[in-house]
Amino acid sequence: MKDDKVSKFFKQALEYKNSMSIDVKKTYISHIDLNFQKIVEVLAKTIESIDKKLDCEVKWGRLTYGLSGDYHHWICGIAQTKKTVNLIFHFGGILDDKSKHFIVGDSFFLRKLEYSTVGDIDEKVIKNFVKQAINKLDYFKNNWKELNKNSKR
């Protein structure tokens with residue numbers, strides 16, 4: 001009988017948790033530097049306008065977008081640094097960037113765009129990269145080990 005009460009309690013708690021509507025984006029934005037909040041809002045709005053299947057959570061200290069909740073193979077993330085807001089692409093290294101918008105670091109896959117002001121944001125560029133990332137997601141999932149291996153040669 002006691003186990004039934006405990007089971008019922010956890011079931012009710014889970015239902016309550018699932019019914020809560022926490023706006024992850026608003027919560028994240030409220031905790032960052034006031035000077036960067038508008039940049040994050042514009043970036044988030046731009047990203048969210050691209051595909052309704054993009055979900056948003058705070059992962060790894062950043063506002064992270066995954067397709068249909070797949071955060072293991074996340075598409076992009078928004079992170080504040082001391083001087084900029086970065087839009088980071090998980091597998092940006094395989095995206096087409098002929099105009100050299102991306103900042104390349106040490107990683108074969110990660111690429112980022114930096115923003116100091118809202119005026120720095122080019123929505124067309126962001127939409128292009130997010131669409132490319134969505135279109136190349138299956139390719140990345142199926143080939144990342146081989147791509148990573150080849151990058152170290």
Please go through segment 112-136 and pick out each residue that is touching a residue at least 60 places away in the same chain (Cβ under 8 Å) and among the β-branched types (Val, Ile, Thr). 117, 118, 121, 126, 130, 134
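Tell me, please, whether a residue that is in a loop (DSSP other than H, G, I, E, B), β-branched (Val, Ile, Thr), touching a strand residue (DSSP E or B) at 6+ places or on another chain (Cβ under 8 Å) and under 20 Å from residue 42 (Cα atoms) can be found in segment 125-137.
Keep residues of segment 125-137 that are in a loop (DSSP other than H, G, I, E, B), which gives 136.
Next, from what is left, pick out any that are β-branched (Val, Ile, Thr): none.
Within segment 125-137 (the criterion being in a loop (DSSP other than H, G, I, E, B), β-branched (Val, Ile, Thr), touching a strand residue (DSSP E or B) at 6+ places or on another chain (Cβ under 8 Å) and under 20 Å from residue 42 (Cα atoms)), the answer is no, since none of the residues qualifies.
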When residues of segment 143-153 are limited to those that are more than 20 Å from the chain's Cα centre (by Cα) and either at pLDDT 90 or above or part of a helix (DSSP H, G or I) (or both), the one surrounded by the most Cβ atoms within 10 Å (Cβ to Cβ): 147
Pick from segment 102-113, criterion among the charged types (D, E, K, R) and surrounded by 15 or more Cβ atoms within 10 Å (Cβ to Cβ), ranking: nearest to residue 45 (Cα to Cα): 112
Filter result for residue 99 (part of a loop (DSSP other than H, G, I, E, B), of a type outside the set (Asp, Glu) and either surrounded by 13 or more Cβ atoms within 10 Å (Cβ to Cβ) or at pLDDT 95 or above (or both)): yes
Residues 91, 102, 109: which one is closer than 20 Å to residue 68 by Cα and touching a residue at least 12 places away in the same chain (Cβ under 8 Å)? 91
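Quick check on residue 107: is it on the phi < 0 side of the Ramachandran plot, at pLDDT 95 or above and assigned to a loop (DSSP other than H, G, I, E, B)?
Working: on the phi < 0 side of the Ramachandran plot: yes; at pLDDT 95 or above: no; assigned to a loop (DSSP other than H, G, I, E, B): yes.
Against the criterion (on the phi < 0 side of the Ramachandran plot, at pLDDT 95 or above and assigned to a loop (DSSP other than H, G, I, E, B)), residue 107 does not qualify.
Tally time: how many residues in segment 25-39 are surrounded by 14 or more Cβ atoms within 10 Å (Cβ to Cβ), of a type in the set (A, V, I, L, M) and in a helix (DSSP H, G or I)? Can you show your working first?
We begin by selecting, within segment 25-39, every residue surrounded by 14 or more Cβ atoms within 10 Å (Cβ to Cβ); these are 25, 28-29, 32, 36-39.
Add one more test, that the residue is of a type in the set (A, V, I, L, M), and what stays is 29, 32, 39.
Going one step further and asking which of them are in a helix (DSSP H, G or I), we end up with 29, 39.
The qualifying residues number 2.
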Residues that are farther than 18 Å from residue 78 by Cβ and of a type in the set (Phe, Trp, Tyr), drawn from segment 120-142: 139, 140
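When you check residue 65 against the structure, is it in contact (Cβ under 8 Å) with a residue 12 or more places away in the chain, surrounded by fewer than 18 Cβ atoms within 10 Å (Cβ to Cβ) and within 10 Å of the chain's Cα centre (by Cα), yes or no?
Working: in contact (Cβ under 8 Å) with a residue 12 or more places away in the chain: yes; surrounded by fewer than 18 Cβ atoms within 10 Å (Cβ to Cβ): no; within 10 Å of the chain's Cα centre (by Cα): yes.
No: the conditions fail for residue 65.
Working only within segment 40-71, note down all residues that are under 17 Å from residue 112 (Cα atoms), out of contact with any strand residue (DSSP E or B) (no Cβ under 6 Å at 6 or more places or on another chain) and assigned to a helix (DSSP H, G or I).
Taking segment 40-71 as the starting set, the residues that turn out to be under 17 Å from residue 112 (Cα atoms) are 40, 42-44, 46-47, 59-66.
Pick out the ones that are also out of contact with any strand residue (DSSP E or B) (no Cβ under 6 Å at 6 or more places or on another chain) and you get 42, 44, 46, 59-61.
Those that are under 17 Å from residue 112 (Cα atoms), out of contact with any strand residue (DSSP E or B) (no Cβ under 6 Å at 6 or more places or on another chain) and assigned to a helix (DSSP H, G or I): 42, 44, 46.
The values are calculated or read from the model by the stated rules, or taken from the named source; none is laboratory data. What you see is a predicted model, and the numbers here were worked out from it, not measured in a lab. Methodologically, a virtual Cβ is constructed for each residue, glycine included, from the backbone with ideal geometry; neighbour enumeration extends over all protein chains shown.
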